[in-house]
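K.L.:
Take this structure, written in structure tokens, and hold onto it; I'll ask about it next.
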Amino acid sequence: MKILVTGAAGFIGFHVCKSLLEKEHQVVGLDNINNYYDTKLKFDRLNELGIPEEKARNQNLPVQSATHTNFRFVRMALEDRTNLPELFKTESFDVVCNLAAQAGVRYSLENPEAYIDSNIVGFLNILECCRHSKIKHLVYASSSSVYGTNKKVPFETNDRVDHPVSLYAASKKSNELMAHTYSHLFNLPTTGLRFFTVYGPWGRPDMAMFLFTDAILNDRPIEVFNHGELERDFTYIDDIVEGVTKIIETDTVDQKTAIPYKLYNIGNNQSVKLMDFIQSIEECLGIEAKKEMLPMQPGDVIRTWADVNELISDYGYKPNTPVKKGIAHFIDWYKNYY
């Protein structure tokens, strides 16, 4: 199967590419490598896939991996309405996995334009390319943030999501609506995945796991929002990748309606208290964190918890990495990398 993975230099995209390559699929990775966070980490992820930084820096030129005959990478923006359609025409993809997006809830308060460009304009470009290239299946990243201030837990995909509390969340909800429209009008099979808090080796520097570990090891206080009264469905990267790749490898959407459109939560199926998560990091490091207790941040939510029963039923999804084990894996990687 020939698969386009966008966001290939990102945290989840890198791991999805790695898994698909091990399964011997033909993979083309795409990423614009923006500077939302340290680009060195992005280039180092690509280097793990056999793409050296000096070649990855070139715009719109596919680069062959030095270590995987079945992988190439191209630096390109989703919103590029000239080069992206040309890439689709040249490559004849079977499946598209769109994991590229401007990430981050808090950053959307500072730079809203980036979210419209990448998450709205870019996603429309992906939909148009999939439509005209007769793509068999579009799998794309949504987010648990669409649930907003929903107080009913665990979150189910049939819950109302009409009240986003950040532009990032609004952009992800927009993606789901746009995908539904294309599934309805053009019979394009689409599957949206509402990711819950993902952590693990090669993780993003703006996420709690990375921020806490980095601060504790460098003797800085960690910022604990809402005075620690937060809960998250922390999900280890391997469990996420297992679910994503199973869906990619399934030719058709398991549809229960006439429209080939589906949404799933993808998480750990449990909610963990933030203070318990911090305690597990402290125990693994053998260091007690200095804590700066802060109020709730704009755009943030108190609790997330994924109901993943549909994903279990339809794809045999099994999130089975205990939080303490996942934390240990991340810390081992962090110490080795830095």
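K.L.:
Heavy-atom accessible area per residue, segment 148-236, 1.4 Å probe: how many Å²?
P.N.:
41
K.L.:
Within the set of other residues whose C-beta is less than 9 Å from the C-beta of Gly192, count the net charge using Lys and Arg as +1 and Asp and Glu as -1.
P.N.:
Net of charged neighbours comes to +2.
K.L.:
Over the Cα atoms of segment 178-257, each weighted equally, I'd like the Debye log10 I(q)/I(0) at q = 0.11, 0.20 Å⁻¹, rounded to two decimals.
P.N.:
Values, matching the q order: -0.49, -0.97.
K.L.:
Counting only C-alpha contacts under 8 Å and six or more residues apart, can you give the relative contact order of segment 239-338 as a whole percent?
P.N.:
It comes to 42 percent, rounded to a whole number.
K.L.:
Just need the Rg to Rh number for segment 165-309, please, alpha carbons only, Kirkwood Rh.
P.N.:
1.05
K.L.:
Over segment 60-152, what percent of the accessible surface lies on carbon and sulfur atoms, probe 1.4 Å?
P.N.:
Carbon with sulfur: 52 percent of the solvent-accessible area.
K.L.:
Sticking with this one: Roughly how many Å is it from the Cα centre of segment 140-161 to that of segment 61-94, as a whole number?
P.N.:
If we compute the Cα centre of each part, the gap is 33 Å.
K.L.:
Grab the alpha carbons of segment 132-202, take their convex hull, and tell me the volume per residue in Å³.
P.N.:
In segment 132-202, the Cα hull volume divided by residue count equals 129 Å³.
K.L.:
What accessible area per residue, rounded to a whole number of Å², is obtained for segment 1-101 using a probe radius of 1.4 Å?
P.N.:
In whole numbers, segment 1-101 has 42 Å² accessible per residue.
K.L.:
While we're looking at this one, here's another question. Let's test this: bin the Cα-Cα distances of segment 6-104 at 5 Å from zero up to the farthest pair and state each bin's percent.
P.N.:
Here the calculated profile for segment 6-104 is 3, 14, 27, 28, 19, 8, 1.
K.L.:
Across bins of 20 angstrom width beginning at 0, how are the C-alpha pair distances of the chain distributed, in whole percent?
P.N.:
Final binned percentages: 32, 60, 8.
K.L.:
Please compute one quarter of the surface area of the Cα convex hull for segment 1-53 and express it in square nanometres.
P.N.:
Reported value for the Cα convex hull: 3.3 nm².
K.L.:
Expressed as a rounded percentage, what relative contact order does the chain have, with Cα pairs under 8 Å and six or more residues apart?
P.N.:
Averaging sequence separation for qualifying contacts and normalising by length gives 17 percent for the chain.
K.L.:
OK, next. If I compute solvent accessible area with a 1.4 Å probe over the protein chains, what percent of it on segment 194-338 is carbon and sulfur?
P.N.:
Reported share for carbon and sulfur atoms: 50 percent.
K.L.:
What area, in nm² and to one decimal, does the C-alpha convex hull of segment 245-334 cast on average over all directions?
P.N.:
8.7
The values are calculated or read from the model by the stated rules, or taken from the named source; none is laboratory data. Since the structure is predicted, the reported quantities are computational estimates derived from the model, not experimental observations. As a convention, Cβ positions derive from the backbone with ideal geometry for all residues, glycine included, and neighbour counts pool all protein chains shown. Just so you know, the surface numbers come from the protein's heavy atoms only, side chains and all, with ligands and any DNA or RNA stripped out. Shrake-Rupley method; radii C 1.70, N 1.55, O 1.52, S 1.80 Å.
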